[in-house]
1. What's the FRET efficiency of Asn291 with Lys53 using the Cβ-Cβ distance as r and R₀ = 41 Å, to the nearest 0.05?
2. Leaving ligands, DNA and RNA out of it, work out the accessible area of Glu104 with a 1.4 Å probe and give it in Å² to the nearest 10.
3. Multiply the residue gap between Glu305 and Ser370 by 0.36 nm, knock off their C-alpha separation, and tell me the result in nm, one decimal place.
4. Note down the nm distance, to one decimal, between modelled labels 7 Å out along Cα→Cβ at Ser43 and at Gln8.
5. On full extension of the chain, what length is gained from Ser202 through Glu102, given 0.36 nm per residue of separation minus the C-alpha to C-alpha distance?
6. Could you give the accessible area per residue of segment 246-357, probe 1.4 Å, as a whole number in Å²?
7. Assuming R0 = 25 Å, can you tell me the calculated FRET efficiency for the pair Glu409 and Asp351, based on Cβ-Cβ distance, to the nearest 0.05?
8. Kirkwood hydrodynamic radius, computed over distinct alpha-carbon pairs, for the chain: how many Å, to one decimal?
Amino acid sequence: MDMQNKFQDGFLWGGATAANQIEGAWNVDKKGVSVPDMCTSGSIDRPKRITEKLDTNEFYPSHEASDFYTHYKDDISLMAEMGYNTYRLSIAWTRIFPTGMEEEPNELGLVFYDKVFDECRKHNIEPLVTISHYEMPYALVEKYNGWESRECIGFFEKYCETLFERYQSKVKYWLTFNEINAGTLPFGNVLSLGTVKGYTGSIQDFPDNPQVRYQALHHQLVASAKAVTIARNKYPHFKMGNMICFLTSYPLTCSPNDMLLCQQEMQMKNWFCSDVQVRGAYPYYAKRYFNDNDINIHMEDGDLEILKAGCVDFYTFSYYMSNCVSVEKDAETQGGNLTGGLKNPYLQASDWGWQIDPKGLRYTLNEIYSRYNIPVMIVENGLGAYDKIEEDGTIKDTYRIDYLRSHIEQMKEAVKDGVNLMGYTPWGCIDLVSASTGEMAKRYGFIFVDKYDDGTGTLGRVKKDSFYWYQRVIKSNGEDMQ
Ligand code: BG6
């Protein structure tokens, strides 16, 4: 039997960003206000806040962000220089439908993405588009409490139909919702579900209501399936993917109690949404979880059929870290993406407390592929770190190169294991605003953006050492990693 020893021909190499974290121009060309436009900056020890009204005493980092809106041509050209053949970006819903509820789309918003996709095509870069990346229209929060209302499904469908029709010849790969499983966690209320009507305060202290949260998530799952079906019926050349924040968990000990707890965490945090999106039905274990937690999902006639019909073509996920779980109450805790966990004595953590675990990526790829057996893509991975410009103008981000190299090495192992891996787009290829803390200081990019947490900076772009390293990696299809 042949063993795949290298990344497949046409492997998608690139980087990933999200509109609200990179574009800025938050109220330009008739763009409406989205949830992140109402979120302030924070830091590792000062949680970011959401305000019900804009407060002139607060700083809202999405308003200017990295100003991709103005710099998109130069930025895409830098991506091309690195050798990208794909770029994962999201469309801001509020550029297309400023409140989410308009009859007609905003032509100025549509034109902006026409220009972005044309620029990508000019450089032979295949766009990979996330339809909704943590940015629901704030007007839908005020009127409907976000995805708690079923009305949002119709608004989202219309948004998808508009995008598909307009960009059918420019975009082939689509992801419905970024990290849809954020809705299985309290943090998801602010980030992805918009179930925060009338709330001002820290995003960590939001009074979570799991009944509301899972109902809202159900609406998103139905909306995602509908988007897939619209594409399949009208645009058969599209490839539709889901997107999961993979939160790999290990049992802290081999106690059967820890093993069971770990299995349950993996089920509800990681597998639940993708079981619906890939297999087309709520998984068996969800029933008990909902019973035990007094959650009653209201479904309408036809919902089950919609879910069944709307299965995705490929599975994508973000992977940054892993955590441990245990029934032990006094085990040492650790930070992490979207939610924390327990410290793993075998791993080091980033400056933000996310435990670095390259082998966990190989493990995760195998778990996903063995469960679903459809093509898999890593659409976010990377190290958020403080970068410093040296006196000679260079940025020596060897820590980032080490992180990425060790993860790509494990991707190679997973490919040898037999995983069908389509591509890799590390997160925040150009520095942008952090989703969890609202900082600029937490940088992921190959390209530095001269912008700081007090809002100052020229917005100039500087290539980091990792830029040249990643260029070599892509050119050699992952062979030259030095
Ligand atoms: C993912 C999100 O969870 O992680 C991105 O899809 C986010 O939007 C990324 O930026 C990194 O997280 P953070 O909090 O460091 O920006």
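The values are calculated or read from the model by the stated rules, or taken from the named source; none is laboratory data. Since the model is a prediction, treat every value here as computed from it, not as a measurement. So basically every Cβ, Gly included, is an ideal-geometry build from the backbone, and we count neighbours across all protein chains shown. Accessible surface is based on the protein model in full, side chains and every heavy atom, while ligands, DNA and RNA are left aside. Shrake-Rupley method; radii C 1.70, N 1.55, O 1.52, S 1.80 Å.
1. That pair, Asn291 with Lys53, gives E of 0.55.
2. Rounded to the nearest 10, the figure is 130 Å².
3. Here the segment from Glu305 to Ser370 would lengthen by 20.9 nm.
4. That separation, rounded to one decimal, is 4.6 nm.
5. Result for the pair: 32.9 nm of gain on full extension.
6. Normalised by residue count, the accessible surface of segment 246-357 is 50 Å².
7. The calculated FRET efficiency here is 0.65.
8. Averaging 1/r across every pair of different Cα atoms and inverting gives 22.5 Å.
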